[in-house]
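> Here it is, the structure, as structure tokens.
The values are calculated or read from the model by the stated rules, or taken from the named source; none is laboratory data. Given the structure is predicted, the values throughout are model-derived calculations rather than measurements. Counting neighbours? That spans all protein chains shown, and the Cβs are built from the backbone with ideal geometry, glycine included. All accessible areas refer to the heavy atoms of the entire protein, side chains included, with ligands and DNA or RNA removed. Shrake-Rupley method; radii C 1.70, N 1.55, O 1.52, S 1.80 Å.
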Amino acid sequence: MPAGAPAGTGLAVVREPAEGLQVTVRRSLDGAPVPEWRALAVRAGHPPFCGPDWLRAVHEHLGAGEPLLVGVRRQGRLLALGAFAVLGAGPGGARPVVTFLGAGGSDYASLPTDPDSPVPAVRLVAAALDAVLAEVPGALFDLEQVLEGDPLLEAAGAWAAARGYGARLLRQATVHAVRLPATVAEHDAALGRHGRHEERRQWRRLAERGRLVVVDDLLDGLAELREVDPDAAARHLEDLVAELAEVDAAHPNAARRRQPWRGASGRTLVRFLGTAPRGVAQLSGLRVDGRLVAYAFCLAGPRALHGYVQSYRAEVAAAGPGTLLLLRVRRRALLSGYAELDLLRGEEAYKRRFERTTRHTVRLTLAPTGLALLPAAVDRAVLLRRTYRDELQRSARLGRTATAVAGAAGTVRADLARRADAVRAAGRRAAGARGALRPARLAAWAGSRRAGRR
């Protein structure tokens, strides 16, 4: 076992075909095992952000680096899949950096492992990371947006200790989720009498503007049309996206909000909607006299419904269309058996109106230890530069609001302040130590001088 490996992990055997594992490495997304990948992510309990449809779309339009897919199988069954991207070596002797595929454009990331695997997850993760290291020797790892508590963190830490890598964790984003009751009756009772009355009043105000139609599935029939006439499906999706973009442009705060259905972000979402299985993307809306006035876009995961983005036109703002749609989404989620509506990362104001559960994502960086001072400093600089740059740019890349960008900037400032305080404290301790030694050194020097005179 390598020096420094935790007792009992047995990670060294992963370098050999122990446990009957077969590890394959692919440097392209062409030929990726998409159906198996989807099924593995669902079995592992991960949201669509960790699946092939989302990650391929994000990498194509927002991602950087060269794809690196690592599959770990046993007797032909896919037990783990690591979807990475390799960024080339930088200036000054910087090492290549390995990130998750689609880094920066995904709310969550992980390395899915089969929970029913006869091989422990720690060995599956180690096999995948060993394959990456064999393909990209000496690489730095920058693995971001991993949920706190994800088994990947412990497994990657064990691997790092066994392979002579140091691991660092940096808290990244705050995630808010709304817990859902067991029944619609409980949900409505929690709103209170005033809340239910206000909801009915808002529906009436909206209906006064014209013929109101609630559309629970704006994507209805798209998957079937895609099978028989892909061109017609593409045109239908293009028309729908144009409607969604019009709603965003007419939002009361359109000047401050990003436009998720335009530019690279819009191309990413269109690509995702064009390949995702039916039911994964859930897009609901409100039409008045046939015109879309509000929408809510969610992603359905195995454990939660994830609310990605919603918007409405300023002309109907007084009727509270955003609140009405969100209440409807919550009811549909609990009827579908979900216990949670995940509002994803970010500190948008509307999330504060709900009684919510708060958790966090973290960034895991892995770098070789035992290096000379200069190479180690270069490694640290590369990872720190990525951390702060990505923290500020992430919100803009997938249509987050100006408030979210400001929040990211606050996170960076706070972390820099903590680091500066730590450096100052270390300096004070060092100065104190030097001050404490100085009288002793002066006394010794004076004694030696007196002895010399004698």
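> Can you name the number of the only condition in (1) farther than 30 Å from A103 by Cα; (2) open to solvent by 60 Å² or more (accessible area, probe 1.4 Å); (3) not polar (S, T, N, Q) that A232 fails?
(2)
> If you don't mind, another one. Looking at this structure, is R258 under 24 Å from P321 (Cα atoms), of a type outside the set (V, I, T), touching a Gly at 6+ places or on another chain (Cβ under 8 Å) and at pLDDT below 95?
Criteria met by R258.
> Another one. Of the residues that sit in the range 164-188 and are open to solvent by 30 Å² or more (accessible area, probe 1.4 Å) and part of a helix (DSSP H, G or I), which one is farthest from K351 (Cα to Cα)?
Per the stated criteria, the residue is A185.
> Take the range 15-68 and flag every residue that is among the hydroxyl-bearing types (S, T, Y) and either under 22 Å from the mean Cα position of the chain (by Cα) or open to solvent by less than 60 Å² (accessible area, probe 1.4 Å) (or both).
Once the filter is applied, which keeps residues that are among the hydroxyl-bearing types (S, T, Y) and either under 22 Å from the mean Cα position of the chain (by Cα) or open to solvent by less than 60 Å² (accessible area, probe 1.4 Å) (or both), the range 15-68 yields only S28.
> Conditions first: (1) open to solvent by less than 10 Å² (accessible area, probe 1.4 Å); (2) in a strand (DSSP E or B). V316 passes all but one, so which condition is the exception?
V316 satisfies every listed condition except (2).
> Only one of V309, V316, V241 is more than 24 Å from G104 (Cβ to Cβ) and either hydrophobic (A, V, I, L, M, F, W, C) or modelled with pLDDT under 95 (or both). Can you tell me which?
Answer to the check: V316.
> So, one more: Out of curiosity, is T357 in contact with a strand residue (DSSP E or B) (Cβ under 9 Å, 6 or more places away or on another chain), at pLDDT 65 or above and over 29 Å from E60 (Cα atoms)?
For T357, the condition - in contact with a strand residue (DSSP E or B) (Cβ under 9 Å, 6 or more places away or on another chain), at pLDDT 65 or above and over 29 Å from E60 (Cα atoms) - is met.
> Also, I was wondering about something else. Just need a number here: residues in the range 341-369 that are open to solvent by less than 20 Å² (accessible area, probe 1.4 Å) and charged (D, E, K, R).
Summing the residues that are open to solvent by less than 20 Å² (accessible area, probe 1.4 Å) and charged (D, E, K, R) in the range 341-369 gives 3.
> Pairs please, first residue from the range 277-297 and over 29 Å from W37 (Cβ atoms) and modelled with pLDDT of 95 or more, second anywhere and hydroxyl-bearing (S, T, Y) and part of a strand (DSSP E or B), Cβ atoms under 8 Å, 6+ apart in sequence or on different chains.
Close Cβ pairs satisfying both conditions: G285/Y295; L286/Y295; L286/Y312; V293/Y312; A294/S311; A294/Y312.
> Counting just the residues of the range 263-288 that are under 21 Å from the mean Cα position of the chain (by Cα), part of a loop (DSSP other than H, G, I, E, B) and not small (G, A, S), which one comes out surrounded by the fewest Cβ atoms within 10 Å (Cβ to Cβ)?
Filtering the range 263-288 for residues that are under 21 Å from the mean Cα position of the chain (by Cα), part of a loop (DSSP other than H, G, I, E, B) and not small (G, A, S), the one surrounded by the fewest Cβ atoms within 10 Å (Cβ to Cβ) comes out as P277.
> Here is a further query. Would you mind finding the one in L244, L191, L240, L225 that is part of a helix (DSSP H, G or I) and over 21 Å from G322 (Cα atoms)?
Criteria check complete, one pass: L225.
> So A83 passes all but one of these: (1) in a helix (DSSP H, G or I); (2) touching a residue at least 12 places away in the same chain (Cβ under 8 Å). Which condition number does it fail?
Just one mismatch for A83, condition (1).
> Limited to the range 24-42, what total is found for residues that are in contact with a strand residue (DSSP E or B) (Cβ under 9 Å, 6 or more places away or on another chain) and among the basic types (K, R)?
Here the count works out to 2.
> Then there is this: Considering the range 247-260 alone, what residues qualify as being of a type in the set (A, V, I, L, M, F, W, C) and either outside any loop (DSSP other than H, G, I, E, B) or surrounded by 12 or more Cβ atoms within 10 Å (Cβ to Cβ) (or both)?
Within the range 247-260, V247, A249, A250, A254 meet the criteria.
> Residues of the range 117-135 being within 15 Å of F100 (Cβ to Cβ) and surrounded by 24 or more Cβ atoms within 10 Å (Cβ to Cβ), which ones?
The answer is V125, A128, L129.
> Is one or more of the residues making up the range 194-216 open to solvent by less than 60 Å² (accessible area, probe 1.4 Å), part of a loop (DSSP other than H, G, I, E, B) and on the phi < 0 side of the Ramachandran plot?
yes
> Being part of a loop (DSSP other than H, G, I, E, B), open to solvent by less than 20 Å² (accessible area, probe 1.4 Å) and farther than 30 Å from R328 by Cα is true for just one of G102, G149. Which residue is that?
Step by step, each of G102, G149 is checked, and only G102 is part of a loop (DSSP other than H, G, I, E, B), open to solvent by less than 20 Å² (accessible area, probe 1.4 Å) and farther than 30 Å from R328 by Cα.
> For A296, state whether it is buried (at least 20 other Cβ atoms within 10 Å of the Cβ), among the small types (G, A, S) and either farther than 24 Å from R204 by Cα or in contact with a Ser or Thr (Cβ under 6 Å, 6 or more places away or on another chain) (or both).
When the stated conditions are applied, A296 passes them.
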